[in-house]
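Worksheet: one structure, shown below.
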């Protein structure tokens, strides 16, 4: 018969033996999975050479065992721990050609124990028991219970297997017992093995007796050093030992009573340990960590809101709404006790200043600032710490942050909270729930510290690029503050007031040595960067400063002036050409608006109508949601065809091809629904669409226009390319109140409820 098989390394399992082993090889893991899906039986055979990674039949012993899988536990690094119960011997005949896992062709081995004469069987039982008694007498560590059980066995085959299983010998010797098919051969092997072990242990015991007579040189040195330590202590020469130092620090530590009691016990334990032991090192690290934590040590906050407002204005240009929300947040925090104010989460595209805002809040409140990066963290122990019993154990990032700050009420920034993930080591976001919940974090338990740590006084601020990446329970504990994209004017002021001076200082350039004209700066923003934030802009200014620094280094008297004319000399050719709207109205081409993680963009939707069989062709690397939106738009256009005198058979004789340029860039979302519907209707009816019109909104099968997100970024993208009229969903009209006049000035923004309103605006009359 055929059965999934696993090749064992350095282990032989016999009938009646319960054992566990680890499996890591791919074929072995698949074999275990296959066995679990069938009857949980698996064939186990031992390798002759333990170093062989892909053993063949020649590398294996001929006799193995069929076993029941009792338990499967997944460990770290794709390792699985298996608990098995040996059932019966089976010979290995060969392997099938299964490529997924090792599948063995086996044959069960029949025992001839029942055919033995009664007197011979009794003699063999007595022989095995006597040999084991001699072995037990020499070893001296065999339990009476084991001896009693062996004396009660009446089944010769089971007795031999049981004795073999309980012998601390190599797998090669146990394999000899397993390989012996005949009961007579098996009896001779086990008795010979027991008697040889008796001889080996007797010789070993004799040698140990001789060695005990002598005192090792190292033992002598150890004893003398310990005695010397006691003598020095008596003379007062070693009064300030490590333990005494720890006790002194503990007496000065401002901490709860339970902390002092536990730490006192740990110091006492440490005092009684040998300084050279590994446990002593672990204990030393634990005590030092506890003593360094700021249990009741707090800094005094600056509660002056005017001062906070001034700091925020000095550090950041614009962000009026964000600053107001933060000042409101700080006011609430000053009015509440124990820091039970909402935990804020700054959400926005990369480079919009989320991290620097948090740093400014810390500066305004005169708090210690600790940044904890959560991007890519997937181990719960990163938050809760490791058990101190593990080698290399350490506290989690939260407790380490407190240790770093030196006070129990710092500002702790949880950066990139939307990037945390989870695996078999635990759910990181679930661990953060306790950290960010004011009802729980007053008694936060770190696995390493093993004592409640009060986090209620910590001011937590989180940052994220997208809300969708934050688990709902975690999101529920935070108040969101949106940090949106910057306009060109805002980028200009940020660069002029902050970035240029920062990069000059970083590159060792004096104020008068480098001048960047306003025109050059605007060209840098428009032609060399394209982003929602200012991170790329700062890098570009830094590159320009380095180029200038090289000229200044050659001539210390030189003064570099960067203008629109010579900008290309320093930065090379522009990376981006200014995106513009189309020059004239065209059939089947409509400008849509989209939101991305780095800000708003415009999408040019193109539609061609071709003779065909009624197929809808979609190109441009569109996502599933966008494809469904195109299907809905087509269905609506077909439903209103009669109004435009379009023959019903038109759609069965023509193919409609929708393409959105920049085919290598993924695109998704429903907000291009009305854009695609307009482009299709234009191509089918051969009517041109205005070049100065852009639109955004989801379309339904009945022609209703549904709301969208990211309105500010989309309007900003339309503004940049010179769009004059923008159609937005009626439900988004309220969002216009939060958008600055700088963006909306010069644009006609038309709220629409139905597609018929879009049609009247978009098509050339």
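The values are calculated or read from the model by the stated rules, or taken from the named source; none is laboratory data. For clarity, every value in this text was computed on a predicted model and none was experimentally measured. Note that we place each Cβ from the backbone using ideal geometry, even for glycine, and neighbour counts take in every protein chain shown.
Quick check, is residue 199 under 30 Å from residue 120 (Cβ atoms), surrounded by fewer than 12 Cβ atoms within 10 Å (Cβ to Cβ) and modelled with pLDDT of 85 or more? Spelling it out, residue 199 is indeed under 30 Å from residue 120 (Cβ atoms), surrounded by fewer than 12 Cβ atoms within 10 Å (Cβ to Cβ) and modelled with pLDDT of 85 or more. Of the strands (runs of 3 or more DSSP E) contained entirely in the range 570-632, those carrying at least 3 residues that are in contact (Cβ under 8 Å) with a residue 60 or more places away in the chain and closer than 30 Å to residue 529 by Cβ fall at 589-596, 599-611.
Take the conditions (1) in contact with a strand residue (DSSP E or B) (Cβ under 8 Å, 6 or more places away or on another chain); (2) surrounded by fewer than 18 Cβ atoms within 10 Å (Cβ to Cβ); (3) in a helix (DSSP H, G or I); residue 402 misses just one of them, which is (2). From the list 549, 532, the one residue that fits, being within 24 Å of residue 743 (Cβ to Cβ), in contact (Cβ under 8 Å) with a residue 40 or more places away in the chain and not assigned by TED's automatic domain parsing to the domain that holds residue 709, is 532.
The numbered conditions (1) in contact with a helix residue (DSSP H, G or I) (Cβ under 9 Å, 6 or more places away or on another chain); (2) surrounded by fewer than 24 Cβ atoms within 10 Å (Cβ to Cβ); (3) closer than 27 Å to residue 611 by Cβ are all true for residue 720 except (3). Of all residues assigned to the range 372-387, none qualifies as being at pLDDT 85 or above, surrounded by fewer than 21 Cβ atoms within 10 Å (Cβ to Cβ) and assigned to a helix (DSSP H, G or I).
Residue-wise test of (1) in a loop (DSSP other than H, G, I, E, B); (2) out of contact with any helix residue (DSSP H, G or I) (no Cβ under 6 Å at 6 or more places or on another chain); (3) surrounded by fewer than 17 Cβ atoms within 10 Å (Cβ to Cβ).
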site	(1), (2), (3)
281	no, yes, yes
287	no, no, no
308	no, no, no
311	no, no, no
318	yes, no, no
321	no, yes, yes
329	no, yes, no
332	no, yes, yes
352	yes, yes, no
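Among the residues of the range 532-562, those identified as within 12 Å of residue 509 (Cβ to Cβ), touching a helix residue (DSSP H, G or I) at 6+ places or on another chain (Cβ under 8 Å) and in a helix (DSSP H, G or I) are 541, 542, 544, 545, 547, 548, 552. Checking the structure you have, find out if any residue of the range 41-53 is touching a strand residue (DSSP E or B) at 6+ places or on another chain (Cβ under 6 Å) and not in a strand (DSSP E or B). Checked against the condition, which is being touching a strand residue (DSSP E or B) at 6+ places or on another chain (Cβ under 6 Å) and not in a strand (DSSP E or B), the range 41-53 yields no hits at all.
In the range 736-759, the qualifying residues are those that are modelled with pLDDT of 85 or more and in a helix (DSSP H, G or I), and the one that is nearest to residue 719 (Cα to Cα) is 736. When residue 565 is tested against (1) surrounded by fewer than 21 Cβ atoms within 10 Å (Cβ to Cβ); (2) part of a loop (DSSP other than H, G, I, E, B); (3) at pLDDT below 85, only condition (3) is not met. Of all the residues in the range 449-464, those that are assigned to a loop (DSSP other than H, G, I, E, B) and buried (at least 22 other Cβ atoms within 10 Å of the Cβ) number 2. In the range 62-110, which residues are surrounded by fewer than 16 Cβ atoms within 10 Å (Cβ to Cβ), in contact with a helix residue (DSSP H, G or I) (Cβ under 8 Å, 6 or more places away or on another chain) and not in a strand (DSSP E or B)? Result: 62, 78, 100.
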